[in-house]
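The values are calculated or read from the model by the stated rules, or taken from the named source; none is laboratory data. This structure is a prediction, so every number in the text was calculated from the model and none was measured. Ideal geometry is used to build each Cβ from the backbone, glycine not excepted, and the neighbour counts take in all protein chains shown.
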Amino acid sequence: MQITFYGHASLGIKIADTHILVDPFISGNPLASHIDIETLKADYILVTHAHQDHILDVEAIAKRTGAIVVSNYEIAIHFGSLGIKTHPMNHGGAWEFDFGKVKYVTAVHTSSFPDGSYGGQPGGFVIQADKTIYIAGDTALTYDMRLIGRRFDLDLAVLPIGDNFTMGVEDAIQACRFLDCDKALGYHYDTFDYIKIDKTQAKARFDSKLRTLKLLEIGASMNV
Ligand code: NI
Ligand code: MN
């Protein structure tokens, strides 16, 4: 499994020959201006919730690639109405896709569409393929993360660390404890003034708690 960071909360995940995008918000992110969404491959687009900074490029990429949008029921209905292929899910449910198994899990956040309409409840994803990863989405630290740690043997947790709208660094370290996972990839930081962080300090805080915080340059990849 290979993960590419496209800035903010946008990820590319490659599992064998399958290309998955998560929460593509790229064309609206000045920090990601070197990423051209026209060149991104996608068989599936996983969407954690309906906020603009997670769905901005979903429609354009899905229409170009024919990718299947996987999200909560309300978001699936929305993109389905635009003629996009979708797979609706809801909290606690898992589905065996051709690339692996995906479970839609709880996040504590909100999920309205940019026009204010209802975007269902926000979530995160656990993906079980050659490796098992948890993508938290926008969320507070929640004790429910303990359930994920008990249920799955995670190789990586992708956690928001920008604070203000989501968990910050200290809560992300506690999340690693709940998840029983010592390796995190941080996301949802630096994009806006409210979520700017000191990256060196964030890594040092993780190190001091015997956990690793990985931060990728926008466009860079890591193998899980
Ligand atoms: Ni959000
Ligand atoms: Mn967000």
Restricting attention to region 143-165, and to residues there that are surrounded by fewer than 18 Cβ atoms within 10 Å (Cβ to Cβ) and more than 15 Å from ligand 2 (Cβ to nearest atom), which single residue is nearest to residue 9 (Cα to Cα)? 155
Sort out which residues of region 10-42 are crowded, with 21+ Cβ neighbours inside 10 Å and at positive phi, and write them in order of number. 23
All positions within region 177-224 that are in a loop (DSSP other than H, G, I, E, B) and of a type in the set (Ser, Thr, Tyr): 189, 191
In region 170-205, which residues are under 22 Å from residue 2 (Cβ atoms) and touching a helix residue (DSSP H, G or I) at 6+ places or on another chain (Cβ under 6 Å)? 179, 184, 189
Only one of (1) of a type in the set (A, V, I, L, M, F, W, C); (2) more than 14 Å from ligand 1 (Cβ to nearest atom); (3) not in a strand (DSSP E or B) does not apply to residue 45, and that is (3)
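If we scan region 53-61, do we find a residue that is among the acidic types (Asp, Glu), touching a residue at least 60 places away in the same chain (Cβ under 8 Å) and touching a helix residue (DSSP H, G or I) at 6+ places or on another chain (Cβ under 9 Å)? Break it down into steps so the answer makes sense when it comes.
Residues of region 53-61 among the acidic types (Asp, Glu): 53, 57, 59.
Checking which are touching a residue at least 60 places away in the same chain (Cβ under 8 Å) leaves us with 53.
Subsequent filtering for residues that are touching a helix residue (DSSP H, G or I) at 6+ places or on another chain (Cβ under 9 Å) retains none.
Checking region 53-61: not a single residue is among the acidic types (Asp, Glu), touching a residue at least 60 places away in the same chain (Cβ under 8 Å) and touching a helix residue (DSSP H, G or I) at 6+ places or on another chain (Cβ under 9 Å).
Run down 134, 104 and say which single residue is touching a Gly at 6+ places or on another chain (Cβ under 6 Å), of a type outside the set (D, E, K, R) and crowded, with 24+ Cβ neighbours inside 10 Å.
From the options 134, 104, the qualifying one is 104.
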Going through 144, 138 one at a time, which residue ends up being within 15 Å of ligand 1 (Cβ to nearest atom) and among the charged types (D, E, K, R)? 138
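Pull up region 162-183, narrow it to residues that are hydrophobic (A, V, I, L, M, F, W, C) and over 17 Å from the mean Cα position of the chain (by Cα), then point me to the one that is farthest from residue 54 (Cα to Cα).
Checked region 162-183; the qualifying residue farthest from residue 54 (Cα to Cα) is 178.
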Among the residues of region 152-163, are any in a loop (DSSP other than H, G, I, E, B), within 16 Å of ligand 1 (Cβ to nearest atom), at pLDDT 95 or above and under 23 Å from residue 224 (Cα atoms)? yes
Restricting to region 63-86, give me the number of residues that are within 21 Å of residue 219 (Cβ to Cβ) and of a type in the set (A, V, I, L, M). 1
Determine whether residue 212 is away from ligand 1 (no atom under 16 Å from the Cβ) and not small (Gly, Ala, Ser). yes
Which one is nearest to residue 3 (Cα to Cα) among residues in region 49-61 that are touching a Pro at 6+ places or on another chain (Cβ under 6 Å) and in a loop (DSSP other than H, G, I, E, B)? 57
